[in-house]
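*Asks:* Take a look at this one; I'll ask things after.
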Amino acid sequence: MAQFFELYALATAHMANACRVGNDRHMADDLFSLARQVIAKHGVTDPEVVARVDDLLGSLRKDQRRFSEAEKLLKRAAAQFGLIEASGDAARTLINLGSVYNHQNAQNRAIETTRSALAILGPESDAYLQLCARYNLALQLVGAERYEEALAQLTLDDDLYRRFPEPWVELRVAWLRGDIAAGTGDVLAAERAYRKTRDGFVAQGIGYDAAMVSLDLAVLYLRQGRTDEVRRLAEEMLPIFQAQDVHREAFAALALFQEAARHDQMTLDRALEILTYLREARTDPERRFGWKTKKTG
């Protein structure tokens, strides 16, 4: 009978995770609550089952930006996986925990946690998991403005990236190279990388990422006072994203960007505000956008 409740709790948690992926947060919460009730009421103690439920719930809490809860759940899951010597699962959970820290702008903790995951994985582990961890590490180094280290990390992992020639890998690496170029002051290289990445996302029908790269490009132009190019960029953006996968609230933010740029009222602070919103609303389509900076004009 104990095995039945273990499987029931685990299956319910996986259904909850499917709802999370499908952006049905309310159903995901209800199902995770049921899974935890089953564990508590029926004395489920199998460390693997408990760890997997915590791990999956931690991902939901991360998407909900309830970061302190996500941290607690993922730490506990990683510890449980470590106890049962499930090294791949422990590493994957630590990679997710590193992402939580990155969302909190705690880049040094993110870097340390991701490096711990890589130490657990070792060179012979799952290549895709390696790819995720090494890309995240480079991304976190950029977030910490450790651009030379980030570039060295990307160079070190060139062979690994070549093993995954899918467009989504190539585009995200190109995007990261644009961030590194922008951070080190190589404006021409950053502009080339951002335009290439934006066009690639548009071609793949990934409008949300294309919108974010476009904002990175706008920030680059605004730092140089190139307002005419910001205005042209804004006019290019909206018709493209209207036909792609940008959700309603994000599209409204982009419409405000276009309107402000059209009237030369787009400032660096405003562009960064929209970019921050897009990052935070990626997993929360209901998150609303409103200017926080003082309006001008």
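The values are calculated or read from the model by the stated rules, or taken from the named source; none is laboratory data. Predicted model only: the values in this text are computed from it and were never measured. Note: ideal-geometry Cβ built from the backbone for every residue, glycine included; neighbour counts use all protein chains shown. Just so you know, the surface numbers come from the protein's heavy atoms only, side chains and all, with ligands and any DNA or RNA stripped out. Shrake-Rupley method; radii C 1.70, N 1.55, O 1.52, S 1.80 Å.
*Asks:* Sorted by accessible area with a 1.4 angstrom probe, largest first, how do LYS62, LYS41 fall? All intermediate terms of the calculation are to be shown ahead of the outcome.
*Replies:* On the way: LYS62 40, LYS41 165 Å².
Descending order: LYS41, LYS62.
*Asks:* Further question on the same structure: Give me the compactness ratio for segment 22-77, meaning the Cα radius of gyration over 2.2 N^0.38 Å.
*Replies:* Working: Rg = 11.2 Å, N = 56, 2.2 N^0.38 = 10.2 Å.
So segment 22-77 has a normalised radius of gyration of 1.10.
*Asks:* Additional query: Given the alpha-carbon gyration tensor of the chain, what are the semi-axes of its equivalent ellipsoid in whole angstrom, ordered largest first, with each equal to the square root of 5 times an eigenvalue? Write out the running numbers ahead of the final one.
*Replies:* Numbers: eigenvalues 280, 111, 48 Å².
Each semi-axis is √(5λ); the values are 37, 24, 16 Å.
*Asks:* Calculated FRET efficiency, ASP24 and LEU131, Cβ-Cβ r, R0 41 Å, to nearest 0.05? Walk me through the intermediate numbers first.
*Replies:* Details: r = 29 Å, r/R0 = 0.70.
The pair ASP24/LEU131 has a calculated efficiency of 0.90.
*Asks:* Continuing with this model, one more query. Ranked by accessible surface with a 1.4 Å probe, highest first, in what order do SER59, SER33 come? Kindly include the intermediate steps, with their values, before the conclusion.
*Replies:* Numbers: SER59 20, SER33 55 Å².
Solvent-accessible surface, decreasing: SER33, SER59.
*Asks:* Share of segment 166-297's accessible area from carbon and sulfur, percent, 1.4 Å?
*Replies:* Numbers: 3230 of 6470 Å².
Carbon and sulfur atoms account for 50 percent of the accessible area of segment 166-297.
*Asks:* Of all the accessible heavy-atom surface of segment 1-134, with the other protein chains kept in place and a 1.4 Å probe, what percent is carbon and sulfur?
*Replies:* On the way: 3510 of 6640 Å².
Carbon with sulfur: 53 percent of the solvent-accessible area.
*Asks:* Which value in Å does the Kirkwood hydrodynamic radius of segment 239-285 take, with 1/r averaged over all unlike C-alpha pairs and then inverted? Provide the component values of the computation, followed by the final result.
*Replies:* Working: mean 1/r = 0.0900 Å⁻¹.
Mean inverse Cα-Cα distance, inverted, gives 11.1 Å.
*Asks:* Compute the distance in nm between two label points, each set 7 Å from the Cα along the Cα-to-Cβ direction, one at ARG248 and one at ASP264.
*Replies:* Going from the ARG248 label point to the ASP264 one covers 3.6 nm.
*Asks:* Ratio of segment 77-184's C-alpha Rg to 2.2 N^0.38 Å, to two decimals? Numbers along the way, then the final one.
*Replies:* Working: Rg = 13.7 Å, N = 108, 2.2 N^0.38 = 13.0 Å.
Its radius of gyration relative to the 2.2 N^0.38 Å reference: 1.05.
*Asks:* With a probe of 1.4 Å, find how much accessible area the chain has per residue, and write the answer as a whole number in Å².
*Replies:* Working: 14800 Å² over 297 residues.
Counting only protein heavy atoms, the per-residue value for the chain is 50 Å².
*Asks:* While we're on this one: For segment 54-132, rounded, prolate or oblate, judged on the Cα gyration tensor with a ≥ b ≥ c (square roots of eigenvalues), a/c < 1.5 rounded, else prolate if a/b > b/c? Please report the intermediate quantities before stating the final value.
*Replies:* Details: a/c = 1.95, a/b = 1.35, b/c = 1.44.
Oblate, because a/c is 1.5 or more while a/b does not exceed b/c.
*Asks:* How many percent of the alpha carbon pairs in segment 207-278 exceed a separation of 16 Å?
*Replies:* On the way: 916 of 2556 pairs.
Here the long-distance tail beyond 16 Å is 36 percent of all Cα pairs in segment 207-278.
*Asks:* Continuing with the same structure: Just from the alpha-carbon atoms, what are the Rg and Dmax of segment 1-124 in angstroms?
*Replies:* Over segment 1-124's Cα set, Rg and Dmax evaluate to 14.5, 46 Å.
*Asks:* Could you tell me the largest-minus-smallest coordinate of the C-alpha atoms of segment 140-267 on each of the three principal axes, in descending order and whole angstroms?
*Replies:* 44, 30, 21
*Asks:* Over segment 85-239, calculate the relative contact order: mean separation of alpha carbon pairs under 8 Å at least 6 apart, over the residue count, as a percent. Display every interim value, and only then the final one.
*Replies:* Values: 154 pairs, mean separation 20.9, N = 155.
14 percent.
*Asks:* Next question, about the same structure. Determine how large the accessible area of HIS103 is when every protein chain is in place; take a 1.4 Å probe and give Å² rounded to the nearest 10.
*Replies:* Solvent-accessible area, nearest 10 Å²: 80 Å².
*Asks:* Also, quick follow-up: Which value, in debye to the nearest 20, gives the size of the charge dipole of the chain about its Cα centre, when Lys and Arg are +1 and Asp and Glu are -1 at the Cβ?
*Replies:* Working: 39 positive and 43 negative charges, 160 e Å.
Magnitude of the dipole: close to 760 debye.
*Asks:* If I take R0 = 45 Å and measure r between the Cβ atoms of ASP158 and ARG66 in this structure, what FRET efficiency does the formula 1/(1 + (r/R0)^6) give, to the nearest 0.05?
*Replies:* Numbers: r = 37 Å, r/R0 = 0.82.
Here the calculated transfer efficiency is 0.75.
*Asks:* If you find the alpha carbon centre of segment 31-58 and of segment 257-285, how far apart are they in angstrom?
*Replies:* Each part's Cα centre sits 40 Å from the other's.
*Asks:* Just for the Cα atoms in segment 197-240, what are the lengths along the principal axes, largest first, rounded to whole Å?
*Replies:* 31, 17, 12
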